[in-house]
Structure formats: structure tokens, C-alpha cells
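Values in this text are rule-based calculations from the coordinates and carry no lab data. These numbers come from a predicted model, not from an experiment. We place every Cβ from the backbone using ideal geometry, glycine too, and count neighbours over all the protein chains shown.
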Amino acid sequence: MLLSSERVAVVETVPIEGCRYCVVGFPDVGLVSSIALGHAVLEARMVEVGYLESDAFPPVLVVHDGAPKPPLRLYRRGEVVVVVSEMPMDFPLITPVTRALVQWAATKGVELLITMSGIAVPNRLEIEVPEVYGVASGPPVRKVMEAAHVPALEEGFLAGLHAALMKEALATGVPCLILLAQAHLKYPDPGAAAAVINALNRLVGWTVDTKELLAHEDEVRLRLRALMQRTQQHMQEVQKGHEQEIPLLYT
Amino acid sequence: MAFGLFDELAQELWDLERGSFTPLVSVTETEDRVIVEVDLPLVQKEDICLRLVEEGLEVEASLTRCVRYARWGTVQRSCEFRTLYKIVALPCPVVAEGTTATFRKGILRVELSKRRDVNVRISVT
């Protein structure tokens, strides 16, 4: 059983300085952040600069191009560092991982921590272009969000690693923004991922093209079945159902 | 193909013998209907074959093209996958009459009527 004081280390394989934005995505609703950041890493040819490690992580490695790699890795392009995970996070690891990431971002002087996910909508098939909503940690981030034409999610619940990351950011004082795209709950949703990429482009000054992603939507949906299925169980553990409820003190 | 050792999540997502992938499926119920949703990427409506069998709802759909992940794993890399296939277990008995099936934006939605053998009203005293 992992306690929140258990060590999770952010290891830089290439020293990281001058990082303005840190964008974090873990497998969640519709695999939105995983698809978006996976596409961005390849499309923008981001450079691998580090990884996360902990004795409490399961003994899982991923092999790419014959090279063994930890499943949670950092990539960089310019002022943006991206954190991607090839596995959903086990519930007891969520707090230690988010705490380690936020503390790392604070020491690096990150100006804005951005995390993203899907928000499940039952009528996703009727939605041609999913909307992206934002949750800002405070007024300065809210201004940035509005300048990027991302409307605010005004009332609701959030559950998952993105919620945990915001909790840590609020406690530590690191500016944080959550992006949420309307998405399928249980099926990989490249359309929602493309919507999030467009919002991210406006926020961090990227020009990641989504044409290829949308042209190969079906291939993405086929390839990520196992990850989506594995993520479903984790979504139950974090009480994802809350996201469909109205809060008690709704105004 | 059942590996047995692996957790349920990892089992049966692909079948080398059949050359098939197992699609993602979602089963929900209303009072009188069972609704099955199946995510069928790379499939055209005409190539979907649906059957009600003893074990459940059998879904077979040929992919518009063969898919091969030439760099994946060991045996997997040589397999040409040609279909999506699954027998979806149903939560209760259903009847074939009144079944509807629609295919939209790559998602198959099948609505089946629950079987009602017995309908006896019980009075409460």
C-alpha cells in the first residue's frame, strides 16, 4: 500500500531549463489526453527528456524501436514539456505522482501547468465537433483561458488524475488549467483529442496539425482498444461517475 | 483463445486463429430492452453480420482492409487481421422479434427486447 509520502522521482535524462508550460495527460475518458499528446509528440517530433519512476510502480516496461523505456515519460519541444503515460495510473499512485509532478513544475518555474481529459457525454454521436471547456486554478489563469477562447466549466464534479493534479496545484500555488473535451466515455475518441489539440495550440503557441489524426481516426480506435479497456477499470476506481452529477451547493 | 494466466482485461482482445480483433462493447438495460453498443472502426455497414445465438449476440464485421502490426510482439507481427469478432453475453433472455440495429459514425447500436415468458400480477394484502 503506497502512502502519499512514498517517493516518486521525476528523472531528467536531458537537463530541463526554460520550461514555461508543462502539459500532463494520462489515459482517461475517451483516451482523449493520451491520443492528443501521443499525436503531438510524434507530429511535433518532440524529444524525450525524462521519465517518472518509483519503487511503487508495477514492473512494467514498454519497448519502442527495440529500446526499453519506462511507461511514464517526459518529452520536450521549445518551452513546452509534455508528460505522457502508456498506462492508466493505479488509484494509490495518483496522489504521489501528481504531487511529484507539481513539485517538479514549481522548482522549474513552470508558468502554467495544463492537464486534459474527456468529459463523457451520452449524445457524443450527435456532436460533430466536440466543445472544449476549461477549469482554471485562479483569475490569472482564467484570463489566459478566455483569451484562448476556451469557455469555463461553471458547475460540476471532476474525478481522476486531472482532478488530483489540480488539487496539488492549488495547494502548492502553481497555476493550473484543466481542458475537457466532450467525448465518448468508453471508446477511444480521436475527434475529441483533435479538439483539445486545437485548444492547446492556442494556449501554448503550438501549430500541431490534426488532419492526419482525423484521417486515421479508425486506425487509432482499433489500436487503442486494450488501453481503453484497461482504463475503464481505473475510471471506476476514481469514482468517475461523479462527473455526471450536480454538486450539492450548485448556484 | 483463452490465455488463462492473464487478467481478464488482457484476455481475448485478438485471436490469431481467426485473424480477428475483439471490439469494445457496452451493454446496458432498460426495463424492457437490452442495448448493445459495439465500437467498429474500419468497418462498413454492409460488412456487419449480426446473429442471435445461444451464447448471446454474435457480431462479426470484416475490416475494409487487412491490418497488420508488423513490429508488434512476436507471433502477432505476422498476423493479418481481417475481422472484428465477438459474442456479446446478454444479461437476460431476449427475443429476436423487434430487434433494431443501427450503425452510425462507426458505432453499432443493437436494441433487443427482453423475453417476457411470465406476466402474472401479484396482489399485496
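Structure notes:
- The HN-Hα couplings worked out from phi for the stretch B:45-57 by the Karplus form 6.51 cos²θ - 1.76 cosθ + 1.60 (θ = phi - 60°) are 3, 5, 9, 8, 10, 10, 9, 8, 10, 4, 7, x, 9 Hz, whole numbers, x standing for Gly and Pro.
- Inter-part distance where the stretch B:38-85 and the stretch A:133-185 are each reduced to a Cα centre, Å: 38
- Pairwise Cα distances in the stretch A:1-134 exceed 28 Å for 18 percent of all pairs.
- Cut-off under 5 Å, modelled amide H: who pairs with A:VAL24 long-range: A:VAL83, A:ILE114, A:THR115, A:MET116
- Across all directions, the shadow cast by the convex hull of the stretch A:92-134 built on its C-alpha atoms averages 4.7 square nanometres.
- Computed over every Cα-Cα pair of the stretch A:123-251 and binned at 10 Å starting from 0, the pair-distance distribution P(r) comes out as 11, 36, 39, 13, 1 percent.
- Across the cross-link table entries A:LYS211/B:LYS105; A:LYS143/A:LYS240; A:LYS69/B:LYS86; A:LYS143/A:LYS167; A:LYS108/A:LYS211, which are compared at the Cα atoms, the separations over 25 Å belong to A:LYS143/A:LYS240; A:LYS69/B:LYS86; A:LYS108/A:LYS211.
- Comparing Cα centroids, the stretch A:42-72 and the stretch A:81-100 end up 13 angstrom apart.
- The alpha-carbon atoms of the protein assembly as shown, seen along their principal axes, cover 68, 62, 43 angstrom, with the largest extent given first.
- Binning the alpha carbon pair distances of chain B at 5 angstrom intervals from zero yields the distribution 2, 10, 18, 19, 16, 13, 9, 5, 3, 2, 1, 1, 1, 0, expressed in whole percent.
- If you bin all the Cα-Cα distances of the stretch A:12-54 at 10 Å, starting from zero, the percentages per bin are 22, 51, 25, 1.
- A Cβ-based charge dipole, computed about the Cα centre of chain B with Lys and Arg at +1 and Asp and Glu at -1, lands at about 420 debye.
- Contact order, relative form, for chain B: 25 percent (alpha carbon pairs under 8 Å, 6 or more residues apart, mean separation divided by residue count).
- Translational diffusion of the stretch A:57-111, µm² s⁻¹ [Kirkwood Rh, Cα pairs; Stokes-Einstein; 37 °C; 0.692 mPa s]: 255
- Relative to the Cα centre, the charge distribution of chain A, modelled as +1 at Lys and Arg Cβ and -1 at Asp and Glu Cβ, gives a dipole magnitude of about 300 debye.
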